[in-house]
Structure formats: C-alpha cells, structure tokens
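Note sheet for the following structure.
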Amino acid sequence: MPRNNKPLPSQEHLRQIFAYDADTGVLTWREREFNSLLANGWNTKYANKVAGVKNSAGYLIVGIDGNKFLAHRIVWKWLHGTEPLIVDHIDGDTTNNCATNLREATESLSMFNRRLCQGRLPRGVQPNGNRFAARIANKHLGTYATPDEAHEVYCLAAEMLYAPTAAFPNN
C-alpha cells in the first residue's frame with residue numbers, strides 16, 4: 001500500500017520548535033522566543049509540554065502550521081534530516097519514538113514487523129500446551145518454557161532470515 005506523506009518542515013525548523021529526548025522518545029514544544037501576546041499565550045499553554053495526541057490507529061499525531069504529521073516521522077527528520085517513505089517502529093509500539101526504536105524500512109519489512117492484533121504473545125510465539133512454540137515462515141523453531149525465550153529465538157531467526165535489512169530487538 002503506497003504511503004502519501006506530506007513533506008515535513010525543514011530539520012532546522014523542527015529543531016527550533018521541538019525538543020526531543022532520544023531516551024524516552026518524547027517530543028516537547030519549545031518556547032516561542034518572540035515577545036508578543038500571542039507568543040506569551042502559546043508558551044503558557046504549550047511550551048515544555050508533550051507534543052501530539054494519539055489517533056485511532058494508535059500513532060501520535062502532531063499539528064504544525066495547520067498540517068498534521070506522524071510524530072515518528074517528525075522525530076526521524078529531527079534526528080537525520082531525511083524523509084524516508086517508511087519509518088518503522090522496531091518493537092511494534094506505535095507510541096515508542098525512541099531513536100533506537102525507529103528505522104527506515106521497506107513496505108515488506110514494515111508489514112512483516114507489524115504486530116498481530118490478536119492475543120498478547122509476542123510475534124512468532126504460539127501457545128503449545130504449557131510451553132511456547134517459536135515459529136517463523138511456517139518453520140517450527142522449538143518449544144520453550146516462557147514466551148520471552150520463544151520470542152528471543154524467533155528474533156534471532158528473523159535477523160538471520162531478513163538481514164541485513166532487518167534489525168530486531170532481543171526481547
């Protein structure tokens with residue numbers, strides 16, 4: 001499915017209006033520096049507060065100059081100065097905009113990485129009696145005592161299968 005992304009403001013402009021914490025992934029509004037009633041009112045209401053609201057799909061949306069943008073795309077451009085077609089959340093959490101959780105991706109990698117909506121088990125893990133099976137591409141990778149152990153094996157297999165374009169966390 002093609003993505004229709006509006007061009008973001010320049011990296012310089014984004015750095016002027018946002019502060020970004022790479023460890024938490026949180027964008028906050030910077031104070032407006034010009035002195036006027038409008039700027040003072042804006043600063044009182046928004047400055048140093050988290051930017052964005054969650055949309056119905058679970059992504060953070062931020063309004064800039066009358067346009068709405070996905071927060072993770074703003075973060076990517078804030079960090080790298082580029083606008084790839086797809087910016088993917090490695091862990092599947094659409095609100096986790098930490099620098100280490102974002103990557104440029106292809107459509108197929110992004111779709112592969114999309115978390116399944118059903119259940120609470122990590123991707124690639126299925127219940128198997130009182131144990132947990134790890135599977136990838138219809139291949140059985142073994143059964144494990146915990147979902148975390150099974151998911152770790154799945155991630156290692158996914159990294160080998162899809163490398164070098166895939167980068168999966170070890171959790």
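The fraction of Cα-Cα pairs per 5 angstrom bin, counted from 0 for the range 118-164, comes to 5, 27, 33, 21, 10, 3, 1 percent, rounded to whole percents. Proximity of backbone amide H atoms, modeled 1.01 Å from N, is registered between Val26 and Asp21 at under 5 Å, excluding neighbours fewer than 5 places apart on the same chain. The orientation-averaged projected area of the convex hull spanned by the Cα atoms of the range 1-103 comes to 6.9 nm².
Values quoted throughout were computed directly from the atomic coordinates according to the rules given, and no laboratory measurement underlies them. No experiment lies behind these values; they were computed from the predicted model shown.
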